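The values are calculated or read from the model by the stated rules, or taken from the named source; none is laboratory data. Because the structure is predicted, anything quoted here is derived from the model rather than measured. All Cβ positions, even for glycine, are placed from backbone atoms using ideal geometry, and neighbour counts span all protein chains on display. In case anyone asks, the SASA skips ligands and DNA or RNA and just uses the protein heavy atoms, side chains included. Shrake-Rupley method; radii C 1.70, N 1.55, O 1.52, S 1.80 Å.
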Amino acid sequence: MSSAEAAAPIGVEWRDTKRYAWLLGTIIPAIPFLAWGLVEWTGSDLFWYFGPVFVFGLIPLIDLVVGRDPNSPPDEVIDSLENDRYYRWVTYAFIPLQYVTLIWTAWMLSQPQYGVADKIGMALSAGMVAGIAINTAHELGHKKESHERWLAKIALAQTFYGHFYIEHNRGHHVRVSTPEDPASARMGENVWSFMPRTVSGSLRSAWELEKKRFGRLGTSHWNIKNDVLNAWLMSVVLWGGLLAAFGLGILPYLVIQAVVGIWLLESVNFLEHYGMKRQKLESGRYERVNPSHSWNSNNIGTNVLLYHLQRHSDHHANPTRRYQALRDFPEAPVLPTGYAGMIVLSWLPPVWRKVMDKRVLAHYDGDITRANLHPAKEEHYLRTYATASERVAA
Amino acid sequence: MAKFVCPSCDYVYDEAKGEPREGWPPGTPFAELDPEWCCPDCGVREQQDFEPLDDRASSTNR
Ligand SMILES: [Zn+2]
């Protein structure tokens, strides 16, 4: 067995057709520059808003046109694929580009010739980069190498979201698809009420996790080694530096880009586990996370731009696995389109529920009691989707 | 001193080394860890899921 495994990679004919496509991810930090180029070229100030148009218009359109991604690496090549360092450099490259864009945007925001509407557009476009940078941080923060974990924190500094690295890995991954997880959306919950719950719950969770760790260490958690505090300190230094260099006037726009970035990330959290619930075992523990607990999408466009984040079932089964080696599970539940298009759908809760609730129900074979239900809507759902036998009994 | 492996990601808890960052100083016996302490690398499995690691297997495979 072990000798066959060792010999397999040589015999297996599999090529990563996306190998060079992964470089397209570095287009994202270029969004604000593209916006500026379009404004200069056309003379229309509307193009300052190119960022959101690109992410919520163009990317979903690309998904619909280009379609799905049939390519999954076979088990035999996973190890060699993970050890191919080219792939990590693709993700590392994102971060200097992200910072060039941020500093350039801050400089642009300090220029007197631009009006408030222009600057709001610049901040929104920078926010798209900020949000997708959280995705890059997510990929790096899961890795065992300490330099990659540091890079994750650096990528998170722009949005003041450094605590995400703690909460996501040690909180969300442990409690995923349970009612206790602030970052798993419940069926019937809309994205607008999910936002305050996930943002405040994740913050509290990150703080508690570090507090617990320092409790074991026997020292105070008010400590520079507290990963929540040192990550925030990085943001204080970054924002402080930008304000010192470009003036206090850019502060409102820095806040806007951070809020937009956080919104983008938490919107993805909203759709990744909507309505999914792990069942409780007799031991009182939850069943282990399996592919049925995450929503997947296998569209090529968003797959490439989000480093396979949408192969989310494999990610939760193997969180330390590198993006290029994640596989599509045919048995895992699938969203009707890519993550970007689904975010647009989330803005209209009635449409979202119309599209998604029947899919959650079908996923649980019509048994609504197995879904993670929003407490305020629980009664309504139980009544609406009671099975025929339950209705007779009642 | 024994070693225990996370069944999900191959993280190894080595009693001799402990895991100081997590609050387990070198020499902390596996049995004294919090059963709900989750794997510091993957977060998928907890102490109570870890499996004893055979020393011979560790030197040839890991
Ligand atoms: Zn593990």
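Quick look at the numbers
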{"item": "Dipole magnitude of region B:3-58 about its Cα centre (Cβ charges: Lys, Arg +1; Asp, Glu -1), debye to nearest 20", "result": "160"}
{"item": "Sequence of B:MET1, A:MET108 from largest to smallest accessible area, 1.4 Å probe", "result": "B:MET1, A:MET108"}
{"item": "The protein assembly as shown, dipole about Cα centre (Lys/Arg Cβ +1, Asp/Glu Cβ -1), debye to the nearest 20", "result": "800"}
{"item": "Accessible surface of the protein assembly as shown [probe 1.4 Å, protein heavy atoms]: carbon and sulfur percent", "result": "62"}
{"item": "For region A:159-197, residues shielded by at least 10 square angstrom of accessible area compared with the chain on its own, probe 1.4 Å", "result": "A:ASN169, A:ARG170, A:HIS173, A:VAL174"}
{"item": "Set of aspartates and glutamates near B:LYS3 by C-alpha distance (under 14 Å), chain-local residues within fewer than 8 positions excluded", "result": "B:ASP14, B:GLU15, B:GLU19, B:GLU32, B:ASP49, B:GLU51, B:ASP54, B:ASP55"}
{"item": "A/B buried area, accessible surface, summed, 1.4 Å probe, Å²", "result": "1700"}
{"item": "Accessible surface, per residue, of the protein assembly as shown when the full set of protein chains is kept, probe 1.4 Å, Å²", "result": "45"}
{"item": "Extreme residue, positive dipole direction of the protein assembly as shown, given options B:PRO20, A:ILE300, B:CYS9 (C-beta unit charges)", "result": "A:ILE300"}
{"item": "With DNA, RNA and ligands ignored, accessible area of A:TYR307 (1.4 Å probe; Å², nearest 10)", "result": "10"}
{"item": "GNM top mover of A:ARG213, A:ARG68, A:ARG186 - chain A, alpha-carbon springs below 10 Å", "result": "A:ARG213"}
{"item": "Among the listed pairs A:LYS277/A:LYS358; A:LYS153/A:LYS225; A:LYS143/B:LYS17; A:LYS212/A:LYS280, those beyond 18 Å (Cα-Cα)", "result": "A:LYS143/B:LYS17; A:LYS212/A:LYS280"}
{"item": "Mean Kyte hydropathy of 0.5 or more with a Cα span along the axis of at least 24 Å, helices from DSSP in chain A", "result": "A:86-109, A:116-141, A:227-246, A:251-272"}
